[in-house]
Amino acid sequence: MSLNWKEQTIVITGAYGGLGKVLCKQLSSLGCQLIICGRDDSQLRDLKMTLSVDTTIVAGDVSTESFAVDLQKLLSDIKTDGHILINNAAISDTHLLQDQSVDKIKQMLDINLLAPMLLSKHLMPWLHSAKTAKIINIGSTFGAIGYPGFSGYCASKFGLRGFSQALGRELSDTNIEVQYLAPRAIATTINSDKVNELNQKLKSNVDTPEQIAPLIIKAIEKGNAEKFFGFPEKFFAKINGLFPNIVSGSINKELPIIKKTLK
């Protein structure tokens, strides 16, 4: 589907994060109307100052139903030819499961999975009101490959992938498309020092937000229902779906390094 970006109103969560900030700036350069969302009002205001298009700030906890309801009310007066929801907000907490706090596990599931579900549900009337609409769920390679030390994060992204697939089929006879777009590791503050150390030890590929943002925008334009970015990670994701034991054998060789680094 060809997109006229100047006719799009885009809601994006996690707007001032590493990837979110770059996405907002690149979408702004395309002429979209933006509604930027996040917890910190001051960081949203700082981001707005860098954008060249009509931008609305919505500060709050995206994982709460009250946030989704308030956003729905705000959007009821905003109508353009195209409406897009980009569920980009995400957090990670990397520990072996036995060392991970229950609060952190719940927080990851709330922000990475529950928030996209609640926003998709409550913004459905607004999305249906446009000629064309999209729900873009920003996933991860770890939404297709279960990785030691990332069990909670993987669970949230596996869930987001399943949600995207099911909702996309549910809405296949409507004006709304659902896309699951999954980068590999990105160099942002979502990564702890231990994760950065682990990536270095394992010589993992790490992209910058500036590399990934244009690929996401291109995938949105093409309407890919599901897209993984980065080789060989996207290849491993396919292999894991068909022959998980092969991937397990490869990852198990790394397990001593993973456990030692994350302790």
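None of the figures in this text is laboratory data; all of them are computed from the coordinates on show. This structure is a prediction, so every number in the text was calculated from the model and none was measured. Because the Cβ atoms are built from the backbone with ideal geometry, glycine has one as well, and the counts that use them run over all protein chains shown.
Answer yes if at least one residue in the stretch 31-41 is within 18 Å of Ala219 (Cβ to Cβ) and part of a loop (DSSP other than H, G, I, E, B), and no otherwise. Walk me through how you get there before you give the answer.
We begin by selecting, within the stretch 31-41, every residue within 18 Å of Ala219 (Cβ to Cβ); these are 32.
Then drop every residue that is not part of a loop (DSSP other than H, G, I, E, B), which leaves 32.
Checked the stretch 31-41: at least one residue is within 18 Å of Ala219 (Cβ to Cβ) and part of a loop (DSSP other than H, G, I, E, B).
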For residues that are part of a helix (DSSP H, G or I), crowded, with 22+ Cβ neighbours inside 10 Å and out of contact with any helix residue (DSSP H, G or I) (no Cβ under 6 Å at 6 or more places or on another chain), tally how many sit in the stretch 128-152.
0
Residue check: is Phe158 in contact with a strand residue (DSSP E or B) (Cβ under 9 Å, 6 or more places away or on another chain) and in a helix (DSSP H, G or I)?
no
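Among the helices (runs of 4 or more DSSP H) contained in the stretch 193-248, which hold 1 or more residues that are touching a residue at least 24 places away in the same chain (Cβ under 8 Å), over 17 Å from Pro148 (Cβ atoms) and of a type in the set (Gly, Ala, Ser)? If you could, list the steps in order and put the result at the bottom.
Numbers: elements: 193-201, 209-222, 233-242.
Because the criterion is at least 1 residues that are touching a residue at least 24 places away in the same chain (Cβ under 8 Å), over 17 Å from Pro148 (Cβ atoms) and of a type in the set (Gly, Ala, Ser), the helices (runs of 4 or more DSSP H) in the stretch 193-248 that meet it are 209-222, 233-242.
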Does the stretch 23-42 include one or more residues that are touching a residue at least 24 places away in the same chain (Cβ under 8 Å) and within 21 Å of Gly159 (Cβ to Cβ)?
yes
What number of residues in the stretch 81-109 are in contact (Cβ under 8 Å) with a residue 60 or more places away in the chain and either more than 30 Å from Leu262 (Cβ to Cβ) or hydroxyl-bearing (Ser, Thr, Tyr) (or both)?
8
Give the residues of the stretch 77-121 that are in a loop (DSSP other than H, G, I, E, B) and either touching a Leu at 6+ places or on another chain (Cβ under 9 Å) or closer than 22 Å to Leu27 by Cα (or both), sorted by residue number.
Asp77, Ile78, Lys79, Thr80, Asp81, Asn88, Ala89, Ala90, Thr94, His95, Leu96
Using the structure shown, decide if Val69 is touching a helix residue (DSSP H, G or I) at 6+ places or on another chain (Cβ under 7 Å), among the β-branched types (Val, Ile, Thr) and not in a helix (DSSP H, G or I).
no
Being in contact with a strand residue (DSSP E or B) (Cβ under 6 Å, 6 or more places away or on another chain) and on the phi < 0 side of the Ramachandran plot narrows it down to one of Thr132, Thr94, so name that one.
Thr132
Give me the pairs: first residue in the stretch 166-191 and touching a residue at least 40 places away in the same chain (Cβ under 8 Å), second residue of a type in the set (Phe, Trp, Tyr) and part of a loop (DSSP other than H, G, I, E, B), beta-carbon distance under 6 Å, and six or more apart or on different chains, which are they?
Pro183/Phe229
Only residues in the stretch 54-80 that are free of Cβ contacts under 8 Å to residues at least 60 places away in the same chain and under 17 Å from Leu109 (Cα atoms) count as the first member; pair them with residues that are of a type in the set (Asp, Glu) and part of a loop (DSSP other than H, G, I, E, B), Cβ under 7 angstrom, at least 6 apart or cross-chain, and list the lot.
Phe67/Asp61
Among the residues of the stretch 118-141, which ones are closer than 24 Å to Arg184 by Cβ and either polar (S, T, N, Q) or without any contact (Cβ under 8 Å) to a residue 60 or more places away in the chain (or both)?
Ile135, Asn137, Gly139, Ser140, Thr141
Quick check on the stretch 228-247. Is at least one of its residues in contact with a helix residue (DSSP H, G or I) (Cβ under 7 Å, 6 or more places away or on another chain), over 22 Å from Gln165 (Cα atoms) and polar (S, T, N, Q)?
no
Please go through the stretch 249-263 and pick out each residue that is touching a Leu at 6+ places or on another chain (Cβ under 8 Å), over 17 Å from Ile145 (Cβ atoms) and either among the charged types (D, E, K, R) or not in a helix (DSSP H, G or I) (or both).
Lys259, Lys263
